[in-house]
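For reference, the structure is listed below as structure tokens.
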Amino acid sequence: MIDLAALMTLTGDKREEIDGKFEEILVTLRKSNLSPIRAIEIIIIFFTDTIDICSRATVGELMDLIRNFIHRIIVACPTLYVVFNIGHLFFDYITSVVEYDCSLSPNAPRFKAFLKKQRSTIRTEMESIPIEAISMLNTTHDTILTIGYSSLVKRMLLKTKDDKTRTIDVIIAERAPFYDGRRMASELSASGVSVTLIPDCCIANVIKRVTKIFLEPVCVLMDGSILTYAGADLVATIGHTYKIPIIVLSPHILFTNSPSIKVSHLTAPPSFVTIKRDESLEKLTRDSYVDVLVPKYTIIKHKFISTIVVGGYGKLSPSQVFIVTPK
Amino acid sequence: MEDSGDGIPAVVQKCQQIISEDKDIPYTVAAFKALTAVLEEATVTTIMELREKIKNATDQVIESFYEEYSVVSGCKLFLSTLIEVSASRSFSSFSSCRDAVLTAAKRWIEISQTSRERIADTASSFIQTTHTPADTHSSRISCEGMRIMTLGYSRVVLAVVKKLISASPSPVSLTVLQGSDVDQTRTLLSKLRQQSVKIRIITDGDVISHIKSVDFVLCGAECVFKSGGVLNRQGTHQLAFIAHLHSVPVYIAAELYKFDSSFPLDGSDIRKEEGKGISKLQESIGIPGKTREEMARGKCITSDSVAVGCRREAEVEYVCYSSDYTPPGYISLIFTEYGALTPGGVAVELMKVV
């Protein structure tokens, strides 16, 4: 791990600037409602800024610096496995084009172009995945269930709203206590899509009318399981029991080569768990004799998932995830 | 008993008076007491008149409390029992018949008033026998104690939990689902404040993570149907479904007067009421409120003034019922005053009562 004090030789009088930028990035990444795609974009922008600041460094020093930052991001936000992906991609590119001890300055433009290309690839996938997902819908009618807020599912539904040949009923579970499902319902209705919002306790009551379930992961694990937000495992379990297809929408950048994580790993250390208290819970738990346990993440095993729609690869089954997983 | 001038039947007024005097009394027991008062004050001279009198009073109570399933089912059972008593044997005089009917009515009240304690005894003795190892020195289960999961607030469940806390040698921990009605959860927590029980609150979406860490699920019921299914607050069906999936027993604690002779096949056969808290929820979401009738129907037009490019408004329908139906296949046992019943035994017990 590089000593930040040594940055003086790399960045000159801009050591404090890069350190301050990184602290700001960490604060942003720790936000509870930040999606992993947005986190990747922020990290790519930060890497681009780092290249600009470290103009007098060598390529090797830049790689050491970025490796340092990636490790610190993982310590602060343990579920952001995807930051390893962008790190691996970047390092593979660097080592394929230049030597370790080359000067950074003449190579900076192509490094920045590579990072910019990764950003545009992600944005392209965010547009193509909903189109691919629409092909999985019935031509006449479908009833879709999702939980919480999902930008890819929202994009898919917005693309279908003007299609007069089919009707789609949308049911959204609100996902207590974060209630981001309400935000999803509000945004969809503002855009002209009629939705039905249900509390989490009603999922089993409406499941018989549902034809497809759409989910968005935080990351896709090596065995085809997905790490996603808490509450989705309830939807997946109930849907799997009623033999309803569960479709996961994910850009390829969210695929990791991390081994399957046990659910118990999500409950400890405390950095995996955030306790969000909404107003109603706050009133209940003023006394010390009551615990409130609200995990943020959960694992959905591969056996519950029917299809994963991956940007750039199309539809895959969980057993075919190895095709996309970075080596 | 004379009707009041404002159109409220006298028996209903009597019932409301009893409820206002004792906040903890179940509505059904108050209805029994009011109907018994009708019997006592009835100036009738024949058995047919007596039956007509009690039937009319029962119909008035049912019509007034039609939202309370336990009152409806209890009054029907009460009526059918009294009519059965009046027709069961040949009486030497009308007064002896009337005395027999009054005795049966008071017997109903006496049983119903002590229901909770008797159910608590039944459930507690069964659970302690089933869910603690014979070898009390075993460290596999006893060190963790008895772990219960529940949702909502039920006085019967509260009585069972208190009995388990006092009688069980091992510590008791309670996992409570937050549910859609936070007021019920708050009431349950306040009632358990002074008890030595470890309480944990979890959200409905997180039940999968915790279902394997409990020994059994314990819920109350608004109504127990002849099929063995139960009607209880929203979320019970889902909890029972998940518990059944993970082989965790589901126990229902219900008084006998909640037994109903109807046979629903699924939830759609049962009349449902919109969730009582729906208007508050609409406001908290930020959806502009319309008339109270529109809120009660669960529909509200929304327009997000922040959204860019908003072209037209669309509906957001919030669906949240106050109760749901749990089919008998997910229920392990139903604890009543007369012991533990399987869902299939509900029909047999109903035949005995009626």
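Figures for the structure shown
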quantity: B:Glu52-B:Glu84 pseudo-label distance in nm [points 7 Å out on the Cα-to-Cβ vector]; calculated: 2.5
quantity: Relative packing of peptides A:292-302, B:248-258, A:177-187, A:83-93 - highest average C-beta neighbours within 10 Å first; calculated: B:248-258, A:177-187, A:292-302, A:83-93
quantity: Listed residue pairs exceeding 30 Å between alpha carbons, taken from A:Lys154/B:Lys198; B:Lys55/B:Lys352; B:Lys23/B:Lys258; calculated: A:Lys154/B:Lys198
quantity: Using a Förster distance of 30 Å, the FRET efficiency for A:Ala76-A:Lys159 (Cβ separation, nearest 0.05); calculated: 0.25
quantity: Nonlocal amide H pairs with A:Gly311, under 5 Å, H built at 1.01 Å; calculated: A:Ser250, A:His252
quantity: Of A:Lys301/B:Lys162; A:Lys112/A:Lys301; A:Lys303/B:Lys212; A:Lys116/A:Lys303, pairs whose Cα-Cα distance is over 28 Å; calculated: A:Lys301/B:Lys162; A:Lys112/A:Lys301; A:Lys116/A:Lys303
quantity: Segment B:Ile8-B:Thr187, length gained on full extension (0.36 nm per residue, minus Cα span); calculated: 61.4 nm
quantity: Three-way shape call for the range A:5-126 based on the alpha-carbon gyration tensor, with the a/c threshold at 1.5; calculated: oblate
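Any read-out appearing in this document is the output of simple, stated calculations on the displayed coordinates, not a laboratory observation. Values in this document were obtained by computation on a predicted structure and should not be read as measured data. Cβ atoms come from the backbone with ideal geometry, glycine included; neighbour counts cover every protein chain shown.
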